[in-house]
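Report on the following structure.
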Amino acid sequence: MGTNILAIAGGVGGAKLALGLSRLLGPGELTVVVNTGDDETFHGLHVSPDLDTVMYALAGMTNPETGWGIRGDTFRTLEALGRLGAETWFRLGDIDLATHVRRTELLRAGRSLSEATRELTAHLGIAHAVVPASDDPVRTIALTGEGDLSFQDYFVRRGCEPRITGVRFDGAEAARPSPAFAEALESADAIVFCPSNPVVSIGPVLAVGGVREAIERFGGPRVAVSPIVGGQALRGPAAKMMAELGEEVSCAGVARRYVGVCDALVIDTVDAAEAPSIEALGMRVLVTPTVMRTDDDKDALAREVVGFVETWRAEPERASRRG
Ligand code: FO1
């Protein structure tokens, strides 16, 4: 059965599953929709960190030590910028800079972020659709005791140290889903929420005007992979942020966030005991290894998730959630 998947991803964790899915599914069977709430202007250039992370993963270029940026990249231009008085806390590599220069050039020439991304992915040899959640500006703001911080300021410059009281997605309400995202919301057979931070990676995508409602209406299976394993985030600040927002740092806590937009949660085998509390929220649960250290792990999780969706779609009474 050719299953057409709409995958929603943030940065590093999302990119890992997106890579596994891209190795399993044909280009016509996968659209990866990527968070743009982390986008920021550095040195006059439009940087889209999560789009870059997913693109570099699918192009086989990722720096394996960080999960973002380019393998073997150097930072001579950044060092030179520092000598000229520029801020250098956001580590843009020499080769990476070419992506931001070209993206900015295309945007300044009047192309949309979707068009610029299509051009970049095509030249990087990526066959699958990697698309921004929106072509309109959406900016994640961390609300902290020290005031409002733009996402990269909070995440990279401050190392997620300030305690958050909330997050805001500036521009999201007025923003509209990108054309390919809107199309996939209509035509996909299933939605997969990659194991990305539910607060600041998936949150901004759901906040884009009309997206939450479209996902609520979506007729096929909607499956999320928990980024919380054994009560901790595999990487990044998801656990710290959820705790500071008063949410339970567990798979059940993730499930509670996704009530209404997801029908099933994929959890790691170490969290198997949480299945009943997630099922009590009305969700199905798939228990399987979810930690992706190697490319084989990414392939295996992608196979599990797609197999789960295909089995579900083959059940006559569940072919559609509504019928
Ligand atoms: N993350 C960091 O922790 N420090 C950095 O200096 C940094 C630079 C950077 C440059 C380009 C890029 O595409 C991503 C970069 N990231 C960096 C990752 C990024 O801040 C985060 O992974 C995402 O925004 C969160 O998903």
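Within segment 17-25, can one find any residue that is closer than 23 Å to Pro204 by Cα, at pLDDT 95 or above and within 11 Å of the ligand (Cβ to nearest atom)?
Checking segment 17-25: not a single residue is closer than 23 Å to Pro204 by Cα, at pLDDT 95 or above and within 11 Å of the ligand (Cβ to nearest atom).
Would you say Gly37 is touching a Phe, Trp or Tyr at 6+ places or on another chain (Cβ under 7 Å) and either surrounded by fewer than 17 Cβ atoms within 10 Å (Cβ to Cβ) or at pLDDT 95 or above (or both)?
Yes, satisfied.
Give the residue, chosen from Gly72, Gly60, Gly67, Gly82, that is part of a loop (DSSP other than H, G, I, E, B), open to solvent by less than 40 Å² (accessible area, probe 1.4 Å) and either within 14 Å of the ligand (Cβ to nearest atom) or without any contact (Cβ under 8 Å) to a residue 60 or more places away in the chain (or both).
Gly67
Would you point out which residue out of Glu87, Glu119, Glu115 is within 16 Å of the ligand (Cβ to nearest atom) and at pLDDT 95 or above?
Exactly one of Glu87, Glu119, Glu115 is within 16 Å of the ligand (Cβ to nearest atom) and at pLDDT 95 or above, namely Glu87.
Among the hydrophobic types (A, V, I, L, M, F, W, C) and closer than 21 Å to Arg284 by Cα: which single residue out of Val229, Val199, Val205, Val211 fits that description?
Only one candidate qualifies: Val229.
Considering only segment 123-134, state which residues are under 13 Å from Ala172 (Cβ atoms) and in a loop (DSSP other than H, G, I, E, B).
Residue satisfying the conditions is Ala133 alone.
Inspect segment 255-275 for any residue being at positive phi and open to solvent by less than 50 Å² (accessible area, probe 1.4 Å) and give the result as yes or no.
So far as segment 255-275 goes, yes, one or more of its residues are at positive phi and open to solvent by less than 50 Å² (accessible area, probe 1.4 Å).
The values are calculated or read from the model by the stated rules, or taken from the named source; none is laboratory data. Computed from a prediction, not measured in an experiment: that's the story for all the values here. Here the Cβ is made from the backbone with ideal geometry for all residues, glycine too, and neighbour counts use every protein chain on show. We work out accessible area using only protein heavy atoms, side chains counted, and drop any ligands, DNA or RNA first. Shrake-Rupley method; radii C 1.70, N 1.55, O 1.52, S 1.80 Å.
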